[in-house]
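Beneath this line is the structure, given in structure tokens, with notes to follow.
The values are calculated or read from the model by the stated rules, or taken from the named source; none is laboratory data. The shown structure was predicted, so the numbers you read here are calculated from the model rather than taken from an experiment. Note that we place each Cβ from the backbone using ideal geometry, even for glycine, and neighbour counts take in every protein chain shown.
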Amino acid sequence: MKALWRDLVVAQADDDDVLEIDGAVYFPPSAIDFDLLAPSETGYTCSWRGDARYYSIVSGDEREPDAAWGYPDMSDAALARIGVDARGYLAFSPAVSLIHS
């Protein structure tokens, strides 16, 4: 699966390596091009996953605010609910197209 913003591949992983959690597709850290991401000041707390960390996609003078998010410090209960250690995985906003490989 690819996560595309405009013509940039922000993340790419085998379909079997991504996770679907509450309708969002999360890519593993090894699949993400962090050179295209800048930390955001946006905050959000999920009732069961904890505090989210947001990122904006940045390329040259172009920016897509808060286009990615993840939960770096999930509790053991959240990890057990998901069934895999999803810390560091990122999901993307609708501004990013998801294309199956």
Subject >> Selection from the stretch 70-101 of residues that are without any contact (Cβ under 8 Å) to a residue 12 or more places away in the chain and either part of a helix (DSSP H, G or I) or in contact with a Gly (Cβ under 6 Å, 6 or more places away or on another chain) (or both) >> reply: Asp76, Leu79, Ala80
Original post:
Do you know which of the residues in the stretch 20-69 that are among the basic types (Lys, Arg) and surrounded by 13 or more Cβ atoms within 10 Å (Cβ to Cβ) is nearest to Gly88 (Cα to Cα)?
Top reply: Arg53
Original post:
Any idea which of Ala77, Ala38 is at pLDDT 95 or above and out of contact with any Lys or Arg (no Cβ under 6 Å at 6 or more places or on another chain)?
Top reply: Ala38
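Kindly indicate whether Arg63 is among the charged types (D, E, K, R) and modelled with pLDDT under 95.
So Arg63 does not fit the description; no.
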Original post:
Of all residues in the stretch 22-54 being in contact (Cβ under 8 Å) with a residue 60 or more places away in the chain and out of contact with any helix residue (DSSP H, G or I) (no Cβ under 6 Å at 6 or more places or on another chain), which is farthest from Val96 (Cα to Cα)?
Top reply: Pro29
